[in-house]
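Here is the structure we will look at, set down as structure tokens.
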Amino acid sequence: MGQKDISEKILVDYNDVFADIMNVCIYNGKEIVKPDELENTSVHSQYKAEDGKLHEQERDVTKYWKKGETAIAIYGIENQIKVDKNMPFRMIGYDGAAYRGQLLDKRKSVVPVASFVLYFGTEERWNKYKSLKECIQIFEELDDYVNDYKIHVIEVAWLTDEQLKLCKSDFGIVANFFVQKRKNKEYEPDDPREIQHVDAVLKLLSVMTGDNKYETILYSEEGKVNTMCEVAERLVNKGIKQGIEQGIEQGIEQGILSTVSVLRKVGKTDDEIVELIIEEYKLEKEKVLDYLS
């Protein structure tokens with residue numbers, strides 16, 4: 001399994017996060033699913049393709065929901081950053097495999113399977129097919145005999161403020177990040193809540209945004225971060241440092257201009273920029289002001 005795939009799945013695999021997603025997005029904020037009622041089950045299954053050979057398929061996260069020792073359902077979640085028009089085909093394969101697996105295990109009773117797509121896209125809503133019948137052409141006379149199959153998509157970046165307030169786990173921090181990114185592409189993290197699974201959250205953000213700057217913070221010599229506010233501060237400091245180093249390499253005049261550009265991009269005011277330039281380049285204030293004009 002690639003590092004990208006692992007990073008996508010690891011946060012959702014935590015029981016507190018998984019339960020939070022179910023309770024907020026499916027059960028309207030009611031605490032129906034408790035973290036200690038969830039138990040991991042296999043994400044691997046096999047199927048026989050047209051070539052007659054057995055192939056293995058793997059879904060993202062699958063868990064039994066149990067009351068005491070009794071399983072009452074199987075939940076599955078698939079993470080998506082892009083809209084996939086073939087998602088109904090994929091989901092029916094996963095769910096079918098989950099039912100078949102229960103039969104092979106010779107369970108006394110087969111429990112229902114409920115699967116969900118966790119969609120992290122911010123550019124567009126899920127605007128492709130959500131049912132099997134939308135994916136295929138069916139003769140009118142045959143329609144009654146073809147079973148439909150619907151998928152359930154959770155559009156993370158379109159959660160409401162009320163839903164965000166209901167979140168109790170790191171899912172709320174991640175969901176808020178994508179909601180704000182949808183509204184403002186230049187948004188930088190400002191969430192003060194403490195992150196419980198720092199490693200998983202930052203790796204997920206790196207994968208789902210395509211920007212590894214969040215993951216690089218994990219390997220910083222400055223130590224662990226605890227909130228998204230600290231993440232933003234660390235990113236700003238990193239940008240300042242890179243700008244100054246680039247400035248030194250390019251020569252004083254060109255370097256100062258480069259540093260000023262970087263500092264403005266990370267949101268520093270002109271007064272703050274003047275102080276930083278004076279400190280780093282040992283120039284008079286009047287001279288620094290010329291570079292800002």
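Please work out if Glu221 is of a type in the set (Asp, Glu) and modelled with pLDDT of 70 or more. Considered against the rule, which asks whether it is of a type in the set (Asp, Glu) and modelled with pLDDT of 70 or more, Glu221 comes out as no.
Being modelled with pLDDT of 80 or more and aromatic (Phe, Trp, Tyr) is true for just one of Tyr281, Tyr291, Tyr214. Which residue is that? Before the answer, list the steps.
Working: Tyr281 fails: modelled with pLDDT of 80 or more; Tyr291 fails: modelled with pLDDT of 80 or more.
So the residue among Tyr281, Tyr291, Tyr214 that is modelled with pLDDT of 80 or more and aromatic (Phe, Trp, Tyr) is Tyr214.
Kindly establish whether Glu134 is surrounded by fewer than 19 Cβ atoms within 10 Å (Cβ to Cβ) and in the same structural domain as Glu194 (by TED's automatic domain parsing). Against the criterion (surrounded by fewer than 19 Cβ atoms within 10 Å (Cβ to Cβ) and in the same structural domain as Glu194 (by TED's automatic domain parsing)), Glu134 qualifies.
Have a look at Val146, Val156, Val201, Val225 and point out the one that is surrounded by fewer than 19 Cβ atoms within 10 Å (Cβ to Cβ) and out of contact with any Pro (no Cβ under 7 Å at 6 or more places or on another chain).
Step by step, each of Val146, Val156, Val201, Val225 is checked, and only Val146 is surrounded by fewer than 19 Cβ atoms within 10 Å (Cβ to Cβ) and out of contact with any Pro (no Cβ under 7 Å at 6 or more places or on another chain).
The values are calculated or read from the model by the stated rules, or taken from the named source; none is laboratory data. Computed from a prediction, not measured in an experiment: that's the story for all the values here. Cβ coordinates were reconstructed from backbone atoms using ideal geometry, including for glycine residues, and neighbour counts include every protein chain displayed.
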